[in-house]
Amino acid sequence: MSAPDLDFDQVYRESPVIPWVIGEPQPLLVALEAAGEFRGDVLDVGCGPGDNAIFLAGRGYHVTGVDGSPTAIERAKAKTDEVEFVIADATRLDGFEDSFDTVLDSALYHCLDDDEQRAYVAALHRACRSGATVHVFCQAEQLAGMPGPRVISAENLRSTFADGWRITRLQRASYTTSMTEQLLAQIHPDAVGKVPLDERGRFLMPVWQLTAVRD
């Protein structure tokens, strides 16, 4: 599977299991928020059906969620009216100039090709205020031949966020997915017993956790 080639709206319409949709906020996000790393006006870019954005709104932030999938945005809007959910192209973010103090990218960056990544980071720079913080979770390694998005290197992130940003964190972390051990046994049996799982038996995808501050 090559993420840049996916029709994400079709995925949201037709897939019974979507790996990055776990029915609750991403634990990495919950930990960041608890550590005080969110503030002000927040953008959840690539928000999907809205679980992360809704969590942040519940913690008192003014949150905007954007996604290119109309189906995902429709599902998100059905859950709450406390978040502004908008269909938008993440590589442009038209109409959001100088709007945000914190940005969450929970598994969007690795869905873009090189040119799209550069356009996306430039769009984030326009959408963020000076001193704003961006948090990115993106796939760092492919384990046991698991299908999934492209693997991102640390060098890729350093290069893309070189101009107009100051990287304050670039470390490995584990990203919770909806891929349970039982599901893996059905669709990718060679991975069973070879990949990390959380206490509920969900595959933990190895990711880069990047934090960057806008100049």
May I ask you to list pairs of residues, at least six apart or on different chains, whose Cβ atoms are under 8 Å apart, with the first in region 193-215 being touching a residue at least 12 places away in the same chain (Cβ under 8 Å) and under 15 Å from Phe137 (Cβ atoms) and the second being basic (Lys, Arg) and assigned to a strand (DSSP E or B)?
Pro206/Arg172; Val207/Arg172; Trp208/Arg172; Gln209/Arg169; Gln209/Arg172; Leu210/Arg169; Thr211/Arg169; Ala212/Arg166
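Please list, ordered by residue number, the helices (runs of 4 or more DSSP H) wholly in region 106-203 having 2 or more residues that are hydroxyl-bearing (Ser, Thr, Tyr). Can you show your working first?
Working: elements: 114-127, 154-160, 181-187.
Helices (runs of 4 or more DSSP H) meeting the threshold: 154-160.
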For Gly36: the one exception among (1) of a type in the set (Gly, Ala, Ser); (2) under 29 Å from Thr180 (Cβ atoms); (3) free of Cβ contacts under 8 Å to residues at least 12 places away in the same chain:
(2)
I need every pair where a residue in region 149-168 that is within 18 Å of Leu108 (Cα to Cα) and touching a residue at least 40 places away in the same chain (Cβ under 8 Å) has its Cβ under 6 Å from the Cβ of a residue that is assigned to a loop (DSSP other than H, G, I, E, B) and not aromatic (Phe, Trp, Tyr), sequence separation at least 6 or different chains.
Val151/Gln142
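Quick test for you: out of Ala78, Ala90, Ala107, Ala119, pick the one residue that is of a type in the set (Gly, Ala, Ser) and within 21 Å of Val30 (Cβ to Cβ). Even if it seems obvious, please write down each step before you answer.
Working: Ala78 fails: within 21 Å of Val30 (Cβ to Cβ); Ala90 fails: within 21 Å of Val30 (Cβ to Cβ); Ala119 fails: within 21 Å of Val30 (Cβ to Cβ).
Within the list Ala78, Ala90, Ala107, Ala119, the selection yields Ala107.
Which of the following residues is on the phi > 0 side of the Ramachandran plot and in contact (Cβ under 8 Å) with a residue 12 or more places away in the chain: Leu93, Leu104? I'd like the intermediate steps shown before the answer.
Details: Leu104 fails: on the phi > 0 side of the Ramachandran plot.
Every option except Leu93 fails the conditions.
Values quoted throughout were computed directly from the atomic coordinates according to the rules given, and no laboratory measurement underlies them. In this text the structure is predicted, and so the values were computed from the model without any measurement. So basically every Cβ, Gly included, is an ideal-geometry build from the backbone, and we count neighbours across all protein chains shown.
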